[in-house]
Structures are given as structure tokens and as C-alpha cells.
Amino acid sequence: MEEFKYLIPEESTDAASLDATKLRSIESQLRSLFQSHGYEELMLPTFEYANLYQEIRNDNEENMFEFVNGEGKLITLRADFTVPIARLYNNAHTSATRRYSYFGKVYRIQERHKGRSSELYQGGMELLGKGGYEGDAECLALVEASMKSIGITNPKLELGHAKFFHRLETLVQDDRLRYILDKKANSRMKSFVEEKGFTGSLKELLLKLPYSFGDIEDLKKMKDIIDDDILLEAINEMIAMYDISTMKEDMVFDLCMVPTQNYYTGIMIKGYSYYSAYAILSGGRYDKLLSYFDKEVPAIGFSYHLNTLLEALSKEDEAND
């Protein structure tokens, strides 16, 4: 019998090594928190039509597990929870506020030999129908309460804003901006600004952006060099989140944060543990998502990347032994 039959696929390596007891304990803590705030837990299908993700997430056959079903239609393993929940909300024919939570696996093809599993555990919440400051505040409160409930040591919250990024895209009119901001590539930004011939406050802003990562005082200083109302509005919304945060000392701001999906419209949140280089949670406002279903409904949510969280907690335990 071939040797590989006794092994598991590379895509499942991380998932197979997870501590199931700790995973269930974290799920229980999050479930209790979400339920206490009125979030209804959903159990969503494992399979979806592939075009649901292709049209909304811009996913393609290179990062989804695709199959042809008995009807000859292309289906895929669930690539995230947000899009199926938006579909469910749309099919309910409502525009009322709805609160949902979820736990389970998503499946995404990862670059080979990078040590990252394609079988990912997530747990999170989605708040649909509640826009603006009130929705942002509710989401942030749950992020902070959940991090404290799990007992993450030395947590960090990182805030960005999709509106800030999209406005810069409009002002700059060049697709290269995304890469430069994502990498905080200072030398490339200098060459980019020189090539494009930007002047005045826009030039000053672009040149300072790669260094803009910092605390609330660093964020407020950026307002002094901005004369665009939309950019200022985005920064003021971030400051408003800081003002109500219970984790002020652990909050940083990144004006170079790039939206991972084109439907993000507002506040973006990432959570970190001292023991992980990767985010243990991520989320944000996505008021454009329901427009794919011809509805205009505000929405915000976040999810824990439980594989990453468990690895961080394991390293923390080792460090404290």
C-alpha cells in the first residue's frame, strides 16, 4: 500500500494538530458572550454555488475548492461565513436589524509549502441593519469583551478605515497604491509621488503614510496635513472608536490598512496576540455587500481565526512553563 495512504493531506496539517479541548472551551466562551448580546447562532451549509463567491469576493478557481454537482452546476466548499449570511439575510426579505453568530470551518486553497492550512476554523458575529456609529460601537464592544473573556495576554487592537483607502484610490487614480500601502513601501512611495507629480497636501500625506502607524496622538497629527473632507471623516470615525474603547492603551491605528474585500466601506479591525505574527481576529464595516443582492443595508462583523488563536495560546503556555 502506498505510503501516502497513511498520512493526511498537506492542506489539513494544522487542523489535525489543534487542541480540541481548548478549541471547544473558547467556542463555549464566545457562544455565551454572543448569546448574552442577542446574537442568534446559525448553522450554514458547507457547500455554496461558486458564483456567489466569484461575484462578491472576487474569488476564483485558484483559491476555492470547486466541484460540479449532479445538476452540472459549479459549487464550492464554504470560503467564508459573511457572504452566506448576507444571502440568508436577503432571502428573509427584511431590512430590520439582525444579529447572527457562527462557528465552523471555511476552506481556502493556500499557497503550497507555506505551512498554512486550507481547513480553517472560525467563530464570529455579523450585525446587519445597524449602521454608522452605533453599529461600529456595538461591534467594537464585542471585540473587546471577547478578547478579555478568552484571556489573551498583551492583546493589541489595530484599526484602519476602508473609506480612507478608497478615497485615496480616487484621488490617486493608480492601482499601484494598494501594494505600496500594504507593504508600507517608503522608497516606492517616494518614487510613486515623484512620478505622478503630486503636490501640496496630497503629496505630504502620501509621503507620511508609510510612517503613520501609531497611537491616537500619531493619528490626530495626521489630521493637520489633510484638507479632504472624506479623509478627515474617516479619521474622525476612528477617533470616535478610541473614545469609547476599553482598551485604549492597546489600540493602534494604521492608515495604510488595505481592505481585503472590495465591499468593505468603513472601520476595519484586526486583533493580535503577543505570541502571533498573524491577526487572531479581523473584521469591519461592509455596507456595500448587500448591494450585490440589490439591497442597501448597513452591516458590520468580525471573526476569530481560531487556528491562529490556538497556536498563539499554545506558545503562551510554553513561554509560561
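The values are calculated or read from the model by the stated rules, or taken from the named source; none is laboratory data. Note that the structure is a prediction, hence the values are computed from the model and not measured. Cβ sites come from the backbone with ideal geometry, for glycine too, and all protein chains shown count toward neighbours. Side chains included, ligands, DNA and RNA excluded: accessible areas come from the protein's heavy atoms. Shrake-Rupley method; radii C 1.70, N 1.55, O 1.52, S 1.80 Å.
With respect to the chain, whose longest principal axis is taken over its alpha-carbon atoms, helix 132-150 is tilted by about 50°. Determine the relative contact order of the stretch 240-320: mean sequence separation of Cα pairs under 8 Å and six or more apart, normalised by residue count, in whole percent. Computed value for the stretch 240-320: 23 percent relative contact order. When only the Cβ of Lys, Arg, Asp and Glu is charged (+1, +1, -1, -1), the dipole of the stretch 179-250 relative to its Cα centre reaches about 440 debye. The reciprocal of the average 1/r between distinct C-alpha atoms defines the Kirkwood hydrodynamic radius, which for the stretch 16-168 equals 17.7 Å.
For trypsin sites (Lys or Arg not before Pro), no site in the stretch 223-321 is both called loop by DSSP and has at most 14 other Cβ atoms within 10 Å.
Axis angle, to the nearest 10 degrees, between helix 186-196 and the longest C-alpha principal axis of the chain: 60 degrees.
The GluC sites (Glu not before Pro) found in the stretch 42-111 that occupy coil by DSSP, while having at most 14 further C-beta atoms within 10 Å, are Glu61, Glu62, Glu71, Glu111. Sorting Asp227, Asp80 on solvent-accessible area from highest to lowest, probe radius 1.4 Å, gives Asp227, Asp80. Only protein heavy atoms count here; on that basis, with a 1.4 Å probe, Arg176 has an accessible area of about 100 Å².
Please report the net charge: other residues with Cβ closer than 15 Å to the Cβ of Tyr39, K and R +1, D and E -1.
Details: positive: Arg31, Arg98, Arg99, Lys130; negative: Glu27, Glu40, Glu41, Glu126, Glu138.
Within the 15 Å Cβ shell, the charges total -1.
Charge dipole of the chain (Cα centre as origin; +1 on each Lys and Arg Cβ, -1 on each Asp and Glu Cβ, all else neutral): 200 debye, rounded to the nearest 20. Largest GNM mean-square fluctuation across Phe65, Phe81, Phe253, computed for the chain with C-alpha springs under 10 Å, falls on Phe65. The accessible area of His305, taken with all protein chains in place and a 1.4 Å probe, comes to roughly 40 Å². Measuring spread by the Cα atoms of the chain yields a radius of gyration and Dmax of 20.6, 70 Å.
Reported to the nearest whole Å, the Cα centre-to-centre distance from the stretch 39-87 to the stretch 149-181 is 26. For the chain, adding -39500 (n - 2.57) for each run of n ≥ 4 DSSP H residues and dividing by the number of residues yields -13000 deg cm²/dmol at 222 nm.
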